[in-house]
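In what follows, a single structure is set out as structure tokens and then discussed.
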Amino acid sequence: MTPNIHFENREIEGERLELTDKKAIYWLGPSVTLRGCTLVTNISARWLHLVSGSLIDCTIQAKSELKTLPWATMKLKGCRFAGRFTGNDFGFRTDGDERRKLGGIEDCDFSEARLNGCRFFNCDMSTIRLPRWPCFTFLDPLAHVAVLRRHDWPGLVGRATVEAVCESPVGTVAVTWHAPTVAEKMDTTVEELRAALETAPGIFM
């Protein structure tokens, strides 16, 4: 029987939480607060359920690539992220499940993380430290849809990556990608991709 490990209805301060047992299911929340903790993951996102709560001044370290994890139910403030994150969503959502309105993100640092296909919702990006090249970020993409679609993109970048950005859900304020990963999948080179990004609007890299 798969064990369930719950962190709920309490505040945890200054501890190191290792979510590394690949035979367990981990639950953060409901109503958990982690303050000044180090949260280490080495599991698939399918085994990590973010129910509700707050992470304040924590370090989140992904020892293995953490894919498609929605953080919308959690309030993140003053946290630092390290490791590889793919398809993660940060910030509260106004569409869909009511629980996705519970969270938020501010004053967080992703400068030591590798983000690919990660989205930020309903937050002030001036408080977020983003990773620099070879990661790159579309800022306020929904305001630049027309120009982004007209821009000259190499390979399949325009038809796939940029189109996905243009079709972002309401509330999207930024989308971050990893250039070598995009170039490999979109039939182009890192150099060609960077040249196109340098003349596109709203790009941080």
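The values are calculated or read from the model by the stated rules, or taken from the named source; none is laboratory data. As the structure is a computational prediction, the values presented were derived from the model and not from experiment. Cβ atoms come from the backbone with ideal geometry, glycine included; neighbour counts cover every protein chain shown. Ligands, DNA and RNA are stripped out before the accessible areas are found, and what is left, the full protein with its side chains, is counted by its heavy atoms. Shrake-Rupley method; radii C 1.70, N 1.55, O 1.52, S 1.80 Å.
Give me a comma-separated list of calculated 3J(HN,Hα) values for region 167-182, in order, Karplus coefficients 6.51, -1.76, 1.60 applied at θ = phi - 60°, integers in Hz, x for any Gly or Pro.
So the Karplus estimates, Gly and Pro as x, are 9, 4, x, 4, x, 6, 10, 6, 9, 10, 10, 10, 4, x, 5, 4 Hz.
Could you compute how much accessible surface Asp97 exposes when probed at 1.4 Å, giving the result in Å² to the nearest 10?
Solvent-accessible area, nearest 10 Å²: 80 Å².
Using a 1.4 angstrom probe on the protein heavy atoms only, line up Arg99, Arg159, Arg46 by accessible area, largest first.
My answer, sorted largest first, is Arg159, Arg46, Arg99.
Quick check for region 1-111: number of Lys pairs with alpha-carbon distance under 16 Å, counting only pairs 8 or more apart or on different chains?
4
What is the set of long-range amide H partners of Cys135 at a cut-off below 5 Å, with H atoms built 1.01 Å from backbone N?
Ala179
In nm, to one decimal, how far is the modelled label at Trp133 from the one at Ile12, with both set 7 Å along Cα→Cβ?
The two pseudo-label positions are separated by 4.0 nm.
Might you report the magnitude of the Cβ-based charge dipole of the chain about its Cα centre, with Lys and Arg at +1 and Asp and Glu at -1, to the nearest 20 debye?
The dipole of the chain has a size of about 360 debye.
Give me the distance in nm between label points sitting 7 Å out from Cα along the Cα-to-Cβ direction at Ser126 and His49, one decimal.
Between Ser126 and His49, the simple spin-label model gives 4.0 nm.
Write down the percent of antiparallel bridges among all DSSP beta bridges whose residues are both part of the chain, to the nearest 5.
20 percent
Over the chain, what percent of the accessible surface lies on carbon and sulfur atoms, probe 1.4 Å?
Solvent-exposed carbon and sulfur of the chain make up 49 percent of the total.
Considering the options Ala113, Ala45, Ala72, tell which one lies farthest towards the positive end of the dipole of region 29-166, charges being +1 on Lys and Arg and -1 on Asp and Glu at the Cβ, about the Cα centre.
Ala45
Only one of the listed values, (i) 8, 28, 26, 19, 11, 5, 2, 1, 0; (ii) 9, 35, 33, 17, 5, 0; (iii) 9, 38, 38, 13, 2, 0, was derived from the coordinates as P(r) over Cα pairs in 10 Å bins from 0, in percent; which label is it?
Computed from the coordinates, P(r) over Cα pairs in 10 Å bins from 0, in percent corresponds to (ii).
Please give the charge dipole size of region 49-159, origin at the Cα centre, charges +1 on K and R Cβ atoms and -1 on D and E Cβ atoms. Round to the nearest 20 debye.
Result for region 49-159 is approximately 300 debye, rounded to the nearest 20.
I want the antiparallel fraction of DSSP beta bridges within region 6-98, as a percent rounded to 5.
Taking every DSSP beta bridge with both residues in region 6-98, the antiparallel ones total about 0 percent.
For region 1-76, what class follows from the C-alpha gyration tensor (a ≥ b ≥ c being the square roots of its eigenvalues): rounded when a/c is under 1.5, otherwise prolate if a/b is larger than b/c, else oblate?
Rounded, since a/c falls under 1.5.
Determine ³J(HN,Hα), in whole Hz, for all residues of region 10-16 in sequence, where each value follows from phi through the Karplus function 6.51 cos²θ - 1.76 cosθ + 1.60 and θ = phi - 60°; x replaces Gly and Pro.
For region 10-16, the Karplus-derived couplings read 6, 10, 10, 10, x, 10, 9 Hz, x marking Gly and Pro.
Using the Cα centre as the reference, give the magnitude of the dipole from point charges on the C-beta atoms of region 1-108 (Lys, Arg: +1; Asp, Glu: -1; all else neutral), rounded to the nearest 20 debye.
For region 1-108, the charge dipole is close to 260 debye.
Using Cα pairs closer than 8 Å and at least 6 residues apart in sequence, work out the relative contact order for region 58-205, in percent.
Computed value for region 58-205: 22 percent relative contact order.
Test of understanding: what is the full-extension gain from Val170 to Leu142, defined as 0.36 nm times their sequence separation minus their Cα-Cα distance?
Result for the pair: 9.3 nm of gain on full extension.
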